[in-house]
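To start, the structure itself, in structure tokens.
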Amino acid sequence: MSQSIKDDIKRYKDLKSDRASFDTLWQKIADYVMPRKSEIQTEKTEDTEGYVEDLFDMTATQANMTLAAGIMTNAVPPTERWFAYSPPEQILNDPQKRSKASDWFEQCSAIASKELARSNFYTEFHEAMLNRNAFGTCAVHAEEGKRSLLNFRSFAIGTFVIDVDNEGYVDTIMRELQWTARQAKQEFGEAALGDKMKAELKESTNKKFKILHIIRPRADGDRDRTRGDPENKPIESKWISMDEEHELRMSGYDEMPTNVGRFLRWGDRAYGTGPGIQCLPVVRQVNFLEKKMDILAEKAADPPVLVPEGMIDEVDWRAGGETAFDPNTGAKPEEWMTQGRYDIGKDRVEIKTKFIEKCFHNELFQMFANVERQITATEAMARLEEKLDVFSPTFQRITTELLQPILARVFSLLFRAGVFPDPPQEAFVQTATGFALPLPEVVFSSKLALALKAKENGSLQNTMATLADIAVVRPDVLDIFDFDTIGRDVAHNNSLPPRWTFPDEIVDGIRAERAAAQQAEQEAALAASAAATAKDLGQAPKELLDQAL
């Protein structure tokens, strides 16, 4: 085994050891929130019963589903256009390039939307959101597909480790898989396998081998920038058979294929925290209370009974049954230990259930689902604002950590696949080495994105309404505002296509022409006034002209 492989395996084991405390926490969360994924530390041998037999309350499971569905419906709706590619600012500010470049990026947006719909993006992204909400961390991998142009995978929690760079961004993902020799052959070819795997191919067994996939940036000294072969791409892709300590493949990517999303950062740790972690103690309490209340309900339906000695076989337990007893002794069957307060337990469960649903932001997405049918957009915004303030930080993480890099990766994959029309010359920018096609800006236009942007527009409207009376007395109070920037930001917040607004150069030209036209009108008016005055003076009596002179 080369030193490189030895170092890679050691680093993976070190990172996995650092993740151990999260594994323990994730196992507890999975038991109560996502039982189908509760094999992080516990191997299930009881078939499906072993996953849910200790689960008595499904509030957290349903709350997680509601949050994931809300994100999908309001942030990445499969049936609507929720994003668009736009030229970078360098092109938008160039009036000679702006129009044609914008049209081309718009065509690319339409094609990318269709390809995402044809792929498994929406199912895998939904799975990623379930993981992110419950465990605080998720990972989405994007690559070329076999059945469609794009293929996505949401990595299961507990199967990968991550590391961050000096700026806190995730730049390294190591994923452990369990594959048979047959599966490894399908991926790498028989020639690339180690001796143990080749031997297993002949035996045709289902023995599993540990496969490690490493994705990380290549150091400048480890690649030749002038070459574009897989071994010199900026992102390294390395496959290792850990059992054999054998390299299966060395390859690379043009851009990071796997993006890690965190609901919120857990201090300085690489992993995240989320609703599933925040409300875990309450989830466990509700589960315990529901268990006890089930016992109370069963007791009420079929209460325990004290039976006098000697009557054990004489009590008729059937509905309407008759049991004889001696009134002289007073010994008769009677209920026992049925005084539990079911009402108190019910109240406690209701309080804690609302807390769980609040942790998972269920109220926000229930409002999105209902307000449109009942109130105006302005009233809806007023009601949503408080809840949007709470959800906004984690939504920003969805866009910056997941959606923007994923859509940039999608753009590059589809461009290299040749499905986009040929870009016009106006879409290129000049670099130190020539001309290159830049990555586009991504503009989001989903309900959630627009609702957050509308807060800025609402603040402007409130400010202007407040200043309206002051501006009547002191018009110069409006001089503090940069109305050009305000206008562009409002248009951007309303997701207007960039090509609908003129760049600064054209706006300056329009204003210069308007100012020149106004100047000419004023000069013409002054000339006409002077001519009229001269004419009037020419018609005045001589004595008045003498006085005027």
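If you go through region 48-92 and keep only what is buried (at least 18 other Cβ atoms within 10 Å of the Cβ), more than 20 Å from K28 (Cα to Cα), over 17 Å from the mean Cα position of the chain (by Cα) and of a type in the set (S, T, N, Q), you end up with just S86. Restricting attention to region 301-337 and to residues that are surrounded by 12 or more Cβ atoms within 10 Å (Cβ to Cβ) and under 55 Å from the mean Cα position of the chain (by Cα), the residue that is farthest from Q285 (Cα to Cα) turns out to be W336.
Among the conditions (1) part of a loop (DSSP other than H, G, I, E, B); (2) of a type in the set (V, I, T); (3) buried (at least 16 other Cβ atoms within 10 Å of the Cβ), the only one that T42 does not satisfy is (3). One residue stands out among those in region 164-211 that are acidic (D, E) and over 31 Å from the mean Cα position of the chain (by Cα): the one that is farthest from M250 (Cα to Cα), which is E203.
For E115, the stated conditions do not hold, so it cannot be described as within 27 Å of M250 (Cα to Cα), part of a helix (DSSP H, G or I) and modelled with pLDDT of 95 or more.
Checked against the criterion of being under 30 Å from T394 (Cβ atoms) and in a helix (DSSP H, G or I), region 300-308 has no qualifying residue.
The values are calculated or read from the model by the stated rules, or taken from the named source; none is laboratory data. Predicted model, so just to flag it, every value in this text is computed and none were measured. Backbone-built Cβ (ideal geometry, glycine too); neighbour counts: all protein chains shown.
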